[in-house]
Structure formats: C-alpha cells, structure tokens
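So the structure is just underneath, and the comments pick up after that.
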Amino acid sequence: MKMKMKLILVALVTLTLQFSYAQKGWKNVGNVQGGKGVLSIDKAATLKTFTANLFKHSKIDGAFTNLELLPAEGGNYVLLFSGSSYKSTVFVKSEGGVLKAMTGTTCTTSDCSSEPRGCLVMYEGGEIGYCSPCANGGKCTKTTTSEELF
C-alpha cells in the first residue's frame, strides 16, 4: 500500500511540474481577427529583450530590427525576428482565437536568412522537435531554455 501511495505521489508531482512548465512556456502575443493574426505585444521591447536573451543563451548577436507575425501550416503562426544578417523564428499556436508563442525555443540562421522565413521551429505532438532545414542546406541553430526569450 505504501509503495502505491509513493507511486501516486511521484506521478502527481511529475504531472504538476509538467503542467507548470507548459504554463510558463507560452505567452499571449495577439489574437486572430477577421481570419488574420494580429500582434498585441510591444514590438520594440520584444525585439530588445529577444536579442539580449538569444545572445545570453546561444551567443548569437542577431541585432534584430524587425518583428513580424506570419501564417504557418495548420492554422498556426510564426514570429519572425529579422536583422541584417540573421532570422530567428518562434512557433505560435492559435487557441480559441488567442495567439500563444512558445517563449523558450527558437531557430536562428544567417546561412538562409535570404529565405522568406529562414528556418522554422517545428512543433509536433505537443513537443518542440527540431528546426526545419534551410532550403540551401545552410546551418540552423536551435536554442531552447526554460527561461523566456522574450
């Protein structure tokens, strides 16, 4: 009986931790209005914070100057941070018309920054998996952290 109680307690703690992490990992960034995604975040502040945190976690100095919300497959979106040399993307899901960005994972490239979206964070089955490859075969760097990147 004690062993079953320990197993139940471990399972509850594990589920609580997973739920807490999942809640921390998403941030409301906008809404879907008239079938289009509309950002509601301060672009200048987001660019500044993202640039600093990406450098802190992966030593990439993206010097990002532009932030766009682009449609992606399956009714989802991508936050695209871009600068003169780099592009970095963040996955955004739509839940009931609210746009929620995954704040701890991004894919960044300078090798295929001339491509419209660079390389993308691929989100499959509830888990962030990998960065899409650059069409030209260039390098794409995945950065994942438990801290918010923006």
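The values are calculated or read from the model by the stated rules, or taken from the named source; none is laboratory data. Because the structure is a prediction, the values reported are computed rather than measured. Don't worry about glycine lacking a Cβ; one is built from the backbone with ideal geometry, like all the others, and counts go over all protein chains shown. These area figures cover heavy atoms from the full protein model, side chains too; ligands, DNA and RNA do not enter into them. Shrake-Rupley method; radii C 1.70, N 1.55, O 1.52, S 1.80 Å.
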What pairs come up if the first residue lies in the range 78-95 and is over 10 Å from Leu67 (Cα atoms) and among the small types (Gly, Ala, Ser), the second is open to solvent by 10 Å² or more (accessible area, probe 1.4 Å) and part of a strand (DSSP E or B), and their beta carbons are under 8 Å apart, counting only those six or more places apart or on different chains? Ser94/Val32; Ser94/Gly37; Ser94/Tyr77; Ser94/Lys100
When you scan the range 16-29, do you find a residue that is open to solvent by less than 70 Å² (accessible area, probe 1.4 Å) and modelled with pLDDT of 95 or more, even just one? yes
Checking Asp61 against (1) under 14 Å from Thr143 (Cβ atoms); (2) out of contact with any helix residue (DSSP H, G or I) (no Cβ under 6 Å at 6 or more places or on another chain); (3) at pLDDT 95 or above, only one condition comes out false. Which one? (2)
Go through the range 117-150 and give me each residue that's touching a residue at least 40 places away in the same chain (Cβ under 8 Å) and either open to solvent by 60 Å² or more (accessible area, probe 1.4 Å) or not in a strand (DSSP E or B) (or both). Arg117, Leu120, Tyr123, Thr144, Thr145, Ser146, Glu147, Glu148, Leu149, Phe150
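From the list Val78, Val32, which residue is assigned to a strand (DSSP E or B), under 19 Å from Glu148 (Cβ atoms), β-branched (Val, Ile, Thr) and modelled with pLDDT of 90 or more?
On the way: Val32 fails: under 19 Å from Glu148 (Cβ atoms).
So the residue among Val78, Val32 that is assigned to a strand (DSSP E or B), under 19 Å from Glu148 (Cβ atoms), β-branched (Val, Ile, Thr) and modelled with pLDDT of 90 or more is Val78.
From the list Lys48, Lys93, Lys56, pick out the single residue that is out of contact with any Asp or Glu (no Cβ under 6 Å at 6 or more places or on another chain), in a strand (DSSP E or B) and farther than 24 Å from Ala135 by Cβ. Give the steps one after another, and end with the answer.
Working: Lys48 fails: in a strand (DSSP E or B); Lys56 fails: in a strand (DSSP E or B).
The unique qualifying residue is Lys93.
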Hits in the range 55-71 (condition: touching a Phe, Trp or Tyr at 6+ places or on another chain (Cβ under 8 Å) and either on the phi < 0 side of the Ramachandran plot or of a type in the set (Asp, Glu) (or both)): Ile60, Asp61, Gly62, Phe64, Asn66, Leu67, Leu69, Leu70, Pro71
Are any residues in the range 73-98 hydrophobic (A, V, I, L, M, F, W, C) and under 12 Å from the mean Cα position of the chain (by Cα), and if so, which ones? Val78, Leu79, Leu80, Phe81, Val90, Phe91, Val92
